[in-house]
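Written below as structure tokens is the structure these notes are about.
Just so you know, all these numbers are worked out from the coordinates, no wet-lab data involved. As the structure is a computational prediction, the values presented were derived from the model and not from experiment. Cβ coordinates were reconstructed from backbone atoms using ideal geometry, including for glycine residues, and neighbour counts include every protein chain displayed.
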Amino acid sequence: MIEYSKTVLIVIISVLAVLNLALFVIAYPEMYQPTSPTLARDFSAYYEAGQAEYLGSVYSTFEPLVDKMFIYELRDGRWASPEKENYFGLLTLEGTEKEAYFVIWNISRNIENE
């Protein structure tokens with residue numbers, strides 16, 4: 001009886017994991033595009049505006065609770081896998097400020113002045 005229960009539990013967990021992955025792929029199709037230099041540039045431009053908007057909206061939602069912020073990447077990368085992680089930085093690979101850089105700069109100024 002215990003072996004049967006373990007097998008059923010493993011099957012249920014496996015089915016749920018596959019469903020979770022399928023829903024993720026449906027929700028974020030841009031993450032599963034083939035990679036090429038052209039697509040990487042297009043993805044970077046698309047992601048840059050979304051990154052700034054996302055950071056600003058998260059801060060405005062949780063503003064009363066925010067004392068500190070930590071940044072995952074200061075500068076974009078080159079060799080990250082998956083490729084989308086090459087664009088998490090606040091600066092481009094060349095060091096140019098992205099929109100998100102200025103959003104974080106304004107947020108830090110706001111936190112300092114409180």
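Which FRET efficiency value, to the nearest 0.05, do you get for Ser5 and Ile26 by plugging their Cβ-Cβ distance into 1/(1 + (r/R0)^6) with R0 = 25 Å?
Values: r = 32 Å, r/R0 = 1.27.
Between Ser5 and Ile26 the formula returns 0.20.
Modelled label-to-label distance, Leu16 and Thr92, 7 Å Cα→beta-carbon offset: nm?
Placing both labels 7 Å along Cα→Cβ, they lie 4.5 nm apart.
To make sure I understand the rule: partners must be lysines, Cα under 23 Å from the Cα of Lys84, and not fewer than 8 residues away in the same chain. Which ones qualify?
Lys98
So which trypsin sites (Lys or Arg not before Pro) in the range 51-98 pass both tests, a DSSP loop state and at most 13 other Cβ atoms within 10 Å of the Cβ?
Numbers: sites: Lys68, Arg75, Arg78, Lys84, Lys98; in loops: Lys68, Arg78, Lys98.
Here the sparse-neighbourhood loop sites are Lys68, Arg78.
How big is the range 64-111 in terms of Cα radius of gyration and Dmax, in angstroms?
For the range 64-111, the Cα-based Rg and Dmax read 12.2, 37 Å.
So which chymotrypsin sites (Phe, Trp or Tyr not before Pro) in the range 79-114 end up in coil per DSSP with only 12 or fewer other C-beta atoms within 10 Å? List each step's numbers first, then the result.
Details: sites: Trp79, Tyr87, Phe88, Tyr101, Phe102, Trp105; in loops: Trp79, Phe88.
Those that pass, being in a loop and sparsely packed, are Trp79.
Around Tyr101, with a cut-off of 14 angstrom between Cβ atoms, what is the net charge of the other residues, counting Lys and Arg +1 and Asp and Glu -1?
On the way: positive: Arg75, Lys98, Arg109; negative: Glu48, Glu53, Glu73, Asp76, Glu94, Glu97, Glu99.
Surrounding charge for Tyr101 is -4.
Taking 7 Å along the Cα-to-C-beta vector as the label spot, tell me the Ile111-Glu53 distance in nanometres, rounded to one decimal.
2.4 nm
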